[in-house]
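Written below as structure tokens is the structure these notes are about.
The values are calculated or read from the model by the stated rules, or taken from the named source; none is laboratory data. From a predicted model like this one, the values you see are computed outputs, not experimental measurements. In this analysis, Cβ positions are derived from the backbone assuming ideal geometry, glycine residues included, and neighbour counts consider all displayed protein chains.
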Amino acid sequence: MTDVDHSQARAEAILGELAELGLMLARDLAAQARACEEPADTERLVTAFNKTSRAVRLTLALEARLRRDRARDAREETQARRRVEAENHKAALDRAVEQGRDAPPSPAERHKARVAGLLNRLIWNESEGDQEDYEVLRDDLFARLDEASLCEGFLETPVVALAQAIGSDMGLAGELALTLGEAAGTVAAKPLQLAEADTG
């Protein structure tokens, strides 16, 4: 976490605490105003309640704005990184064409290939060794991967998380055969919300 991220997170935590305290105070003032018998005291308490509730509303609005700003900054950072990756990939494509070589796969293609590699054994088991069934399942898998690659955060989602989500959507039974590195990555795995693939 950068210093800016830490400062923003701390500011959001403080605003959240202020909102909670303000809400508790507003509840106390409302209760006192309802129980008060003197009109002057009631008016004073109602005025205090109005000011406190307004402060709570403003605090919540500021907290929401900070969250939106953080989300926007994260999106812009992701977009900038993707632009750099796209430029690097295009440069690699241009070099490959100039040298008469096959073009290297894009980061998204490499990510999809790793997910497909993890699910390949489960697909073969599901097809029970029938080549035609296997091809149908492979086509379904690649259609789902194409859909998933269009989702924001695809490249940032761990391969294992994607494989688990897609395998579950496809109804594949069995355990993934994970390498040590992939197994370690399951701790922070946060799968995308995958739309159901249109496989025709």
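Remarks
- Taken together, the criteria place Leu45 among residues that are farther than 16 Å from Ala11 by Cα and either outside the structural domain of Glu156 (by TED's automatic domain parsing) or among the polar types (S, T, N, Q) (or both).
- Meets criteria (at positive phi, in a loop (DSSP other than H, G, I, E, B), surrounded by fewer than 12 Cβ atoms within 10 Å (Cβ to Cβ) and at pLDDT below 80) for Gly200: yes
- Some residue of region 21-37 being modelled with pLDDT under 90 and among the charged types (D, E, K, R): yes
- Test: Ala40 is exposed (fewer than 13 other Cβ atoms within 10 Å of the Cβ), assigned to a helix (DSSP H, G or I) and of a type outside the set (Ser, Thr, Tyr): yes
- Among residues of region 144-181, those that are part of a helix (DSSP H, G or I) and loosely packed, with under 15 Cβ neighbours inside 10 Å, counted: 4
- Output for region 80-122, where each listed residue is farther than 18 Å from Ser149 by Cα, small (Gly, Ala, Ser) and surrounded by 12 or more Cβ atoms within 10 Å (Cβ to Cβ): Ala92, Ala96, Ala103
- Filter result for Ala11 (out of contact with any Leu (no Cβ under 7 Å at 6 or more places or on another chain), among the aliphatic types (A, V, I, L, M), assigned to a helix (DSSP H, G or I) and in contact (Cβ under 8 Å) with a residue 12 or more places away in the chain): no
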